[in-house]
Amino acid sequence: MNASASLATAPRRYVIIGNGVAGNQAAELLRERDPECQVTIITNSRLLFYNRYLLPQLFKGHQSWHAFLANPPEYYVNKRIKVLRDCRVVGVDTRNKQVKLAHNEPVSYDALLVATGGRGHLPEELVECRHLFHHFGTYEAALAMRKALPEKGTVVMLGGDMIGLDLARTLLSIECRVVLVTHESTFWPHQLAPGERADALAALEKMGIELIDGDARGGVTSVEAGAPGLPGRRVIFRQGGDVYGDVVMPFYGLTPLVEFMVGSGTDIERGLLVNTGLRTSDPHVYAAGDVCQIWSEQDHAYRFYYGYKNVRAMGAVAAINMTGGHEHFATTQEETLGRDGQGHIDSPFWAYE
């Protein structure tokens, strides 16, 4: 067999950066649609794919990471999906179609899917306090927060996006005190008119969340370690006053994880810009999930789409198009902030089933 014939029959190499909902949905479909292909997932986590939407269950007695795994380890063996764990991507060479890892090993691809999601956004004025915050975006961070919070302790939430408010519901159910310092990002990614926002804040109070008007206090200027004999953290406001809590958690929305794509030649705004087929400006690179902004004909702009159902659908669309399909992403998830039967806040972004 000559070299050209060998290349023609070589299995296609699909590489996915990111080990979340979108990446794993894509990997599953890639294997189904191209049984002979090579599928590689690259993740900086030491764990296999687990459902981050279930992390509040850490407060319900589920503390082993095994309880959160979406698939058992043998799933990846049986599906012939290679998972490179604890690997940090530092760049993508689109000219040579290679993903560059921190330990210098290149991973070659024929088609690449970026599904790295986002990290919790932190306002610039609070960056110096980052070591005093607790987070909930990963199993490790969530477990550390759980261990730091005493029984019936106080959690001070800054911002109050929907991820944080979901956790607040669980905390209230185990008789913890939740203090929310409101911000323009409260209820993110929902965008509420002033009247709707006032009604939604009243619903939070009805749920049992204590509210502090962050704007009226001039915003948070700093966070300090609590003094001896006091709770572990002190939040200080710009116009005076403070509030204490056992842990302080920032929930200001998400910032897409795209730093490693800078210099790749793909178009980036806040996230990777993609068309409705989830293809970037590079024909061999796709993006799905919280990391990408999708062109909206209705809005005549690139926009983010959040929520489990949307992210899962993006992974499927990307996989279909990476294997020669012509699918277009269209959100099917209701995005209206509503109320449940008790008048409490209820958001479709909480739904994962």
Taking neighbour counts of Cβ atoms within 10 Å as a proxy for exposure, in what order, fewest first, do 162, 249 appear?
-> 162, 249
Take the Cα pairs of the chain, get the Kirkwood Rh, then feed it into Stokes-Einstein at 37 °C and 0.692 mPa s and tell me D in µm²/s.
-> 151
Between residue 64 and residue 224, what length comes free when the chain is fully extended (0.36 nm per residue of separation minus the Cα-Cα distance, one decimal in nm)?
-> 54.5 nm
Highest mean first, what order results for 192-202, 104-114, 18-28 on Cβ atoms within 10 Å?
-> 18-28, 104-114, 192-202
Under 5 Å, built H, 5+ apart or other chain: amide partners of residue 41 | 16, 82, 83, 84
May I ask you to order 289-295, 230-236, 67-73 by the average number of other C-beta atoms within 10 Å around their residues, highest value first?
-> 289-295, 230-236, 67-73
Averaging 1/r across every pair of distinct alpha carbons in the stretch 122-252 and inverting yields a Kirkwood hydrodynamic radius, in angstrom, of 14.8
Between residue 255 and residue 140, with labels modelled 7 Å along Cα→Cβ, what's the label distance in nm to one decimal, could you check?
-> 1.9
Of the DSSP beta bridges with both residues in the chain, give the percent that are antiparallel, rounding to the nearest 5.
-> 45
Taking Cα centroids, how far is the stretch 27-48 from the stretch 186-246 in Å?
-> 42
Rounded to the nearest 5, the percent of DSSP beta bridges in the stretch 122-252 running antiparallel is 40
How long is the gain from residue 191 to residue 78 if the chain were fully straight, where each residue apart is worth 0.36 nm and the alpha carbon distance is subtracted?
-> 36.3 nm
With 0.36 nm assigned to each residue of separation and the Cα-Cα distance removed, residue 174 to residue 54 gains 41.6 nm
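Only the coordinates and a few stated rules stand behind these numbers; no lab work does. Keep in mind it's a predicted model, so treat the numbers as computed, not measured. Note: ideal-geometry Cβ built from the backbone for every residue, glycine included; neighbour counts use all protein chains shown.
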